[in-house]
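Below: the structure, in structure tokens.
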Amino acid sequence: MVQNQWLFFCRTFSNSFRLGEFLNLDTRFLFSELQDRFVAKRLDPSTDVVFAESLLALNTIRKAKQFNIPTVIDRTNSHIEAQSEIMREEYLLNGLKKEYNSPAVIEKSLKEYAEADYISVLSSFVKKTFLEKGVREEKLLLIPSGVEMDKFVKIGKTDQIFRIIYCGGICLKKGVHYLLRAFHELKLNNAELLLIGRVFPEFECVMKQYSGVYKHIEGIPRRLMHQYYSQGSVLVLPSLEEGLAKVLIEAMACGLPVIATKNTGAEDVLRNGKDGFIVPIRDVEAMKEKILFFYKNPAEMEEMGRNSSSHVRIHFSTEAYVSRLIDSFTQIVRTKRTQPQTEGRR
């Protein structure tokens, strides 16, 4: 059996203290380094597996090697270099000369990738970026996440408005500007675009540009999100880069069909044409086409919503995710016990 006391410690600690986008990149890196060292100093030699979030693990990995403990990096986004390339291109398209990741963040991430025994990824999209960067397939563990299904139950829709829901950070990385443009150009009657999430400073000018096109709610407690999903007609996720968007699973559980880009992890969750549609990133015309399909075909929209709910409830619950994790870790422990001590494999 895989022990529990340390298995999720690194992730729990990081989630408890994460300040995320409220900090600049250098401060975020410093804080992650402090977390990593905190965990490394307290690593129990009897631990079966170290499962640590990317950027929070280099010192912990090296300490684990001293005890011959197998290590797994949990990378929730694409390969750090792929992520940087996607965002550099997007910034340039929007007239910005900036980097998404600092050199220190990239350097530490690459060292973690090289020194960890395995890298856990959430989606085939993320896995593909690692393969393209030269990481061997046997080092990659594809383990899609899940959500607590009892918290995402559909309730009755109270109006006849065709309502597009977007939930997440409102920023360039999430591609919200492409959704705003698509909805604005469609000019649909009795339709609404509801954006749920915090507006990043870089995006405030875009929000002003499209003032009157959308409705915006700053933030909603997770326990209430099912109420908002249930008032939607379709969820649209236009993200340029992320591992596997949990809002995708949450909305599907509440009976919404989904339009999502390939770079959201949707290809591992959404059955294209049955639960919704997958579109390329930055493709406003493809997005408009699929939105218009749902607008003109309410019966098909309802059917896809039912399909999506039944599908994710079977395959993408928290219980299913934990089961996938435990199965992977158990196999890692068994494999490690039959091998001599080794260094991390590239």
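Remarks
- Residues S46 and I220, FRET efficiency given R0 of 45 Å [Cβ-Cβ distance, rounded to 0.05]: 0.60
- Counted by Cβ distance under 12 Å from L248, the other residues give a net charge of -4, where Lys and Arg count +1 and Asp and Glu count -1.
- Note on segment 64-180: along the principal axes its Cα atoms extend 61, 43, 21 Å, ordered by decreasing extent.
- Considering all C-alpha pairs of segment 31-127, those separated by over 20 Å amount to 41%.
- Neighbour-limited loop hits for GluC sites (Glu not before Pro), segment 151-256 (at most 16 other Cβ within 10 Å; DSSP other than H, G, I, E, B): E218
- Enclosed volume per residue, in Å³, of the convex hull spanned by Cα atoms of the chain: 130 Å³
- Each label was represented as a point 7 Å from its Cα along the Cα-to-Cβ direction; for I155 and I326 these points are 3.3 nm apart.
- Gyration tensor (alpha-carbon) shape descriptor, segment 171-222, a/c threshold 1.5: oblate
- Rounded to the nearest 500, the 222 nm mean residue ellipticity of the chain from helices alone is -13500 deg cm²/dmol, with -39,500 (n - 2.57) taken per DSSP H run of at least 4 residues.
- Were the residues from K111 through R334 laid out at 0.36 nm apart, the gain over their Cα-Cα distance would be 77.7 nm.
- Violating pairs (Cα-Cα greater than 32 angstrom) within the set K128/K296; K98/K246; K215/K290; K108/K246: K128/K296
- Per-residue packing, averaged as other Cβ atoms within 10 Å, sorts the ranges 332-339, 308-315 into the order 308-315, 332-339, beginning with the highest.
- Relative to the dominant Cα principal axis of the chain, helix 284-296 is inclined by about 60°.
Any read-out appearing in this document is the output of simple, stated calculations on the displayed coordinates, not a laboratory observation. Predicted model, so just to flag it, every value in this text is computed and none were measured. For neighbour counting, all protein chains shown are included, and Cβ atoms are generated from backbone atoms with ideal geometry for every residue, glycine included.
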